[in-house]
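Below: the structure, in structure tokens.
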Amino acid sequence: MAERNEEVEELLEREELQLASLRKRAFAAAIDEFLLSMIFMIILWDSFASAGTTEELINLTNAFVLEFMAVKIIYQTFFVYQYGATVGKILMKIQVLELRTLAAPSLVSAFNRAVFRVISEAVFYLGFLWGLMDPLRQTWHDKSARTVVVDA
């Protein structure tokens, strides 16, 4: 594995690419989460407005967990495939590159990355914590899709 990391580090250095900082990645994720939450709240505004108690709000939120996960997967897949970055990443000036091509991920890679991102979130964000310890700052979704996040 260390050999593989060295190969990737050499590739990034040769191409004059800098890994995105964890701080930029965290801000990008927060922006995306906020944006998706606002969109979902707008879509479900009538339902949220009619909820009278906190318990009803929690029940309503729980009722749409799968739909929210699906929206996240579609959002992540579309933007990473189309632009190599989500809105949050664009604002933070970072992008996702597929290691094989050093270009925006293919549709299959972008979808794979999006699915594993949601899985990482569902498992107490362990996939994100992995990125804190990884020399290439790769999370589970980066590892599974064979991507890295670099400064744009």
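What follows draws every value from the coordinates through simple rules; no lab data is involved. This structure is a prediction, so every number in the text was calculated from the model and none was measured. Cβ coordinates were reconstructed from backbone atoms using ideal geometry, including for glycine residues, and neighbour counts include every protein chain displayed.
Values as computed for the structure displayed
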read-out	value
From 66, 36, residue being part of a helix (DSSP H, G or I) and either among the β-branched types (Val, Ile, Thr) or over 16 Å from residue 116 (Cα atoms) (or both)	36
Criterion: of a type in the set (Val, Ile, Thr), more than 21 Å from residue 140 (Cβ to Cβ) and assigned to a helix (DSSP H, G or I) - qualifying residue of 90, 31, 73	90
Condition met for residue 68 (touching a helix residue (DSSP H, G or I) at 6+ places or on another chain (Cβ under 8 Å) and aromatic (Phe, Trp, Tyr))	yes
Residue in the stretch 134-146 that is more than 26 Å from residue 3 (Cβ to Cβ) and among the basic types (Lys, Arg) present	no
Which numbered condition residue 55 fails, given (1) charged (D, E, K, R); (2) part of a helix (DSSP H, G or I); (3) under 28 Å from residue 137 (Cα atoms)	(3)
